[in-house]
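The values are calculated or read from the model by the stated rules, or taken from the named source; none is laboratory data. Predicted model only: the values in this text are computed from it and were never measured. Every residue, glycine among them, receives a Cβ derived from its backbone with ideal geometry; neighbour counts consider all protein chains shown.
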Amino acid sequence: MAREDTFSALARYYDALMSHVDYTRWETIATELTTHLPRGFRHLDAACGTARFLDGCLRAGWDSSGVDLSIGMLHAARLRTAAPLAAADLRALPFREGFDFITCLFDSVNFILDDEGIPEAMAAFATALRPGGVLYFDIVTERMVTEYFEGPAWTEDNEGFHTTWKTDYDRATNIAETRVRVNHGEASTIRERIYPREAIEDALAAAGLRLIICADAETWNPPRRNTIRLDFVACKPPIGKLTAKRLTAQIKERLR
Ligand SMILES: C[S@@+](CC[C@H](N)C(=O)[O-])C[C@H]1O[C@@H](n2cnc3c(N)ncnc32)[C@H](O)[C@@H]1O
């Protein structure tokens, strides 16, 4: 199992690089999902990165913890949040029935590259969840890579530094390789693998998790050919009253 910390060199720049990213949608959906959880629910933000989402959860009064594979990202997270943090791999989470709610957002699941990785991660989520627990994660689609990532190199002016980005997409392996250079330093390479929706759904089912909904992340309508990000919500049985219809109506009302 590869445990390479590809984010370590980028960790200190990560928040500045992602300052344009709006986390509100993830916060809104996650908050709605908590209405289906027991009072005092325990939350894990898996692949928490620099804790931008996680710290908001903690400040909202949730009992939240975070894990990430990257020591560099965890170091940046520690500077931001008082939430408990630990180093852990999504494919081998060291928890058993410890959480009512797991989030894994901003396409962190796409950073799993090996063939067994997705089934292993879904099995790890299932083991970490308590019965009735809820899992919320998202992935980017091939459309995102071909429309927005792939192409000629481009340079971005960030506050106090600049970055050069270049993404190549290998259609045989479905791996998008992005080289990011900060100022004139050495380039970091980050790789994301594109998975068909069915591969994720099969892995959820094999892990004993029940898919509640897979939706276009922007609209919460059924996914279409031009969908660039997919939201998944799954539940560890027993399922309770969380149905696709009910949840979709609830989320769409909030996203309006
Ligand atoms: C795009 S960042 C998203 C971070 C955070 N979820 C957010 O929304 O800001 C992806 C994160 O996934 C982490 N990651 C990648 N592969 C991982 C793995 N196998 N296990 C745990 N974390 C992983 C990286 O270290 C990085 O922090």
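For the reader, a short list of remarks on this structure follows.
- Subset of region 113-130 [assigned to a strand (DSSP E or B) and either more than 11 Å from R96 (Cα to Cα) or in contact with a Cys (Cβ under 8 Å, 6 or more places away or on another chain) (or both)]: none
- Within region 11-42, the set of residues being within 28 Å of W165 (Cβ to Cβ) and either charged (D, E, K, R) or near the ligand (Cβ under 9 Å from one of its atoms) (or both) comprises A11, R12, Y14, D15, M18, V21, D22, Y23, R25, W26, E27.
- Sole exception among (1) assigned to a helix (DSSP H, G or I); (2) of a type in the set (S, T, N, Q); (3) surrounded by fewer than 12 Cβ atoms within 10 Å (Cβ to Cβ) for T155, by number: (1)
- Within region 144-171, residues that are within 26 Å of A217 (Cα to Cα) sit with their Cβ atoms under 6 Å from residues that are aromatic (F, W, Y) and at pLDDT 95 or above, at 6+ positions apart or across chains, in these pairs: V145/Y169; E150/Y169.
- All strands (runs of 3 or more DSSP E) inside region 24-98 with 2 or more residues being in contact (Cβ under 8 Å) with a residue 40 or more places away in the chain: 42-46
- Test: residue in region 203-220 that is hydroxyl-bearing (S, T, Y) and either assigned to a helix (DSSP H, G or I) or crowded, with 20+ Cβ neighbours inside 10 Å (or both): no
- Number of the exception - F99 against (1) buried (at least 22 other Cβ atoms within 10 Å of the Cβ); (2) near the ligand (Cβ under 9 Å from one of its atoms): (2)
- Residue match in region 104-112 (condition: in the same structural domain as T219 (by TED's automatic domain parsing), more than 16 Å from the ligand (Cβ to nearest atom) and within 17 Å of the chain's Cα centre (by Cα)): no
- Criterion: modelled with pLDDT under 95, more than 16 Å from the ligand (Cβ to nearest atom) and either out of contact with any Leu (no Cβ under 6 Å at 6 or more places or on another chain) or of a type in the set (D, E) (or both) - qualifying residue of D168, D202, D157: D157
- Matching residues, region 221-234, being among the basic types (K, R) and in a strand (DSSP E or B): R229
- Cross-chain or 6+ apart pairs with Cβ under 7 Å, region 217-230 first and assigned by TED's automatic domain parsing to the domain that holds T248, then among the polar types (S, T, N, Q) and surrounded by fewer than 18 Cβ atoms within 10 Å (Cβ to Cβ): W220/T248
- Residue identified as over 22 Å from G133 (Cα atoms), within 18 Å of the chain's Cα centre (by Cα) and either buried (at least 19 other Cβ atoms within 10 Å of the Cβ) or modelled with pLDDT under 95 (or both) among L69, L58, L54, L44: L69
- Output for region 20-38, where each listed residue is closer than 14 Å to K241 by Cβ and aliphatic (A, V, I, L, M): L33, L37
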